[in-house]
Each structure stands twice: as C-alpha cells, then as structure tokens.
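First comes the structure, then the notes that go with it.
The values are calculated or read from the model by the stated rules, or taken from the named source; none is laboratory data. Everything numeric here is computed off the predicted structure, so don't read it as measured data. Every residue, glycine as well, gets a Cβ built from its backbone with ideal geometry; the counts of neighbours run over all protein chains shown.
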Amino acid sequence: MQLFDAESSTYTYLLWDKDTKDAILVDPVDTQVDRDIDEATKLNLSLVYGVNTHAHADHITGTHLLKQKISGLKSVIAESSGAKADLHVVAGDRIFFGSRFLSVRSTPGHTKGCTSYVADDESFVLTGDTLLIGGCGRTDFQGGSASTLFDSVQSQLFSLPPTTIVYPAHDYKGRTSSTIEKELDSNPRLGKGKTKKEFIEIMSNLNLAYPKKIDVAVPANMRCGVPDP
Ligand SMILES: N[C@@H](CCC(=O)N[C@@H](CSS)C(=O)NCC(=O)O)C(=O)O
Ligand SMILES: [Fe+2]
C-alpha cells in the first residue's frame, strides 16, 4: 500500500505477507505514524520493521515513534548511512516479513548510504531518492555524488527487469509509480543515451533550494528519528 505525506511529498510503503500478516513500513514520516499504524491495524497486520532508504533531509523519519508505539518493532537502515538503527543492512541482505522479503541493493549518490529495496519476485523496487519518476535525487549534500549516483542507477536499478515497477520516496507532481523500462527510455537526466558527463553537468545546474527542514531532519534521522534533545 502506498501512503502519501502532502507536506513533504513523501511516499511511505506498507508491505505485508498476506498469510502471516507480518508487515513492514518503508520510509515512514514522523507526523504520519498514527495514520500508518491505523492502516496496519485495519488490515490486522503486525508491524515488525520500520525501514529507511536513507537519512532523509526533508522530514523526520517515523521509525523512532513507531518503536515507541509498537512493542518489538525494529528500525532498519543501511550500515553505510552511518545512522543509528536496531538493524543495519548491507548489499545482498534480505529483510524478511513472514515468508516475503526485500533484497537490499546499495545505491549511493543522493546520499552515501542510499539503499534501494527490491521485492522478492522483482515485481517492484523501492528506490528512495535514488531514482525518482523522470528524475533522481539531488547530489549536493550528505555525501552526494552525481558520478556515484549515475553508476548506482545504471548498475543496480537499470539491470532489473524492464517490467519492474519503480516506487520512489517522493514525487512532486502527483505521479505514483513508473517502471524500469520507462525510466531507461525517457528519464531526462539519466535515461538511454545520456552519458555520465551529461548527467554530472545536469546535476551541477539544478540550483535547488535546500530542504526547509534539513538542519533539524538530518541530525534527527542520524539518531533514527529521535528529535533534538
Ligand atoms: N522543497 C523540499 C525539498 C525538495 C528536494 O530537495 N527534494 C529532494 C528529495 S528530499 S532529500 C530531491 O532530491 N529532489 C530532486 C529534485 O530534482 O527535485 C523541501 O523544502 O523540503
Ligand atoms: Fe533524500
């Protein structure tokens, strides 16, 4: 299930095993944790993990609040993020919920710890801010690198089956999903025909304002969403 936070344009994903009802939330937002828990409760699910694709810069993750509200729930993030969590994952790991799992792919570039999570049957991939619909995450802070992001997308995401559905952590234009094929064919920043040199040039001329909450969000997210003491 895809859930949306309008303030930060963030997509949160609720995934579950339909037999065991074990469930996980990927990229929960602090202000939406009660909504997320309500959705899980309505479906009689048991939340086992709160997973982040990276230490977000634009909002505080909901993993800290989820841990406070759901007994036994564990937070998860990539070891390479340097952020605190109960469980640190590396490329090739599997995050199980019931008999279903997500495979961990390391996709640095937007941040140095960015991770994408691929469904066990490769039917979809949660790309975080690495690959957005018709775009990609910015590379101008948190150890970002356009060269690294280009390599991550080419090697770790464009190698997935063309039919794999792309579910990003954000969209700012109301779009909900894409596919690997569509992004390969027509992503204007790094789709077919775009060289790494062209991509680096594009990324160095985005001229985006810094996220409004960056100074609060990044330190909190490095503590798994614990707000400033
Ligand atoms: N205006 C928003 C922040 C928008 C932004 O910078 N988005 C990030 C993803 S959140 S770290 C991004 O990578 N955008 C790429 C793009 O091309 O838009 C705010 O103030 O929070
Ligand atoms: Fe981000």
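Say we look at the stretch 149-195 and pick out the residues that are of a type in the set (A, V, I, L, M, F, W, C) and part of a loop (DSSP other than H, G, I, E, B); which of these is nearest to ligand 1 (Cβ to nearest atom)?
Restricting attention to the stretch 149-195, the residues satisfying the condition of being of a type in the set (A, V, I, L, M, F, W, C) are 149-150, 153, 157-158, 160, 165-166, 169, 180, 184, 190.
Now narrow it down to the ones that are part of a loop (DSSP other than H, G, I, E, B): 158, 160, 169, 190.
Values: F158: 18, L160: 21, A169: 7, L190: 12 Å.
Here the answer is A169.
If we keep just the residues of the stretch 50-105 that are in contact with a helix residue (DSSP H, G or I) (Cβ under 6 Å, 6 or more places away or on another chain) and among the β-branched types (V, I, T), which is farthest from D22 (Cα to Cα)?
Here the answer is I60.
I'd like the residue in the stretch 14-24 that is surrounded by fewer than 21 Cβ atoms within 10 Å (Cβ to Cβ) and part of a strand (DSSP E or B) and, out of all such residues, is nearest to ligand 1 (Cβ to nearest atom). Working first, answer last.
Filtering the stretch 14-24 for residues surrounded by fewer than 21 Cβ atoms within 10 Å (Cβ to Cβ) gives 14, 17-22.
If we keep only those that are part of a strand (DSSP E or B) as well, we get 14, 22.
Numbers: L14: 20, D22: 29 Å.
In this case the residue turns out to be L14.
Can you name the number of the only condition in (1) within 16 Å of the chain's Cα centre (by Cα); (2) crowded, with 21+ Cβ neighbours inside 10 Å that S80 fails?
(2)
Okay, residues lined up against (1) more than 22 Å from Q142 (Cβ to Cβ); (2) surrounded by 17 or more Cβ atoms within 10 Å (Cβ to Cβ); (3) at pLDDT 95 or above:
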position	(1), (2), (3)
D38	yes, no, yes
Y49	yes, yes, yes
A57	no, yes, yes
I60	no, yes, yes
A85	no, yes, yes
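I want to confirm something. Restricting to the stretch 182-229 and keeping residues that are of a type in the set (G, A, S) and within 16 Å of ligand 2 (Cβ to nearest atom), which single residue is nearest to T61 (Cα to Cα)?
Going through the stretch 182-229, the residues of a type in the set (G, A, S) turn out to be 186, 191, 193, 204, 209, 217, 220, 225.
Going one step further and asking which of them are within 16 Å of ligand 2 (Cβ to nearest atom), we end up with 209, 217, 220, 225.
Values: A209: 21, A217: 8, A220: 8, G225: 5 Å.
Only one residue tops the list, namely G225.
Please find, among S75, S80, S116, the residue that is within 16 Å of ligand 2 (Cβ to nearest atom), in contact (Cβ under 8 Å) with a residue 12 or more places away in the chain and part of a strand (DSSP E or B). Before you say what the answer is, go through the steps one by one.
Details: S75 fails: within 16 Å of ligand 2 (Cβ to nearest atom); S80 fails: part of a strand (DSSP E or B).
Being within 16 Å of ligand 2 (Cβ to nearest atom), in contact (Cβ under 8 Å) with a residue 12 or more places away in the chain and part of a strand (DSSP E or B) holds for just one of S75, S80, S116, which is S116.
Specify the residue that is surrounded by the fewest Cβ atoms within 10 Å (Cβ to Cβ); the eligible residues are those in the stretch 87-113 that are in a loop (DSSP other than H, G, I, E, B), within 15 Å of the chain's Cα centre (by Cα) and not hydrophobic (A, V, I, L, M, F, W, C). Talk me through it step by step, then tell me what you get.
First, the residues of the stretch 87-113 that are in a loop (DSSP other than H, G, I, E, B): 90-93, 98-99, 107-113.
After this cut, where a residue has to be within 15 Å of the chain's Cα centre (by Cα) as well, the list is 90-91, 107-113.
If we keep only those that are not hydrophobic (A, V, I, L, M, F, W, C) too, we end up with 107-113.
Numbers: T107: 31, P108: 23, G109: 25, H110: 31, T111: 31, K112: 18, G113: 24.
Taking the candidates together, the pick is K112.
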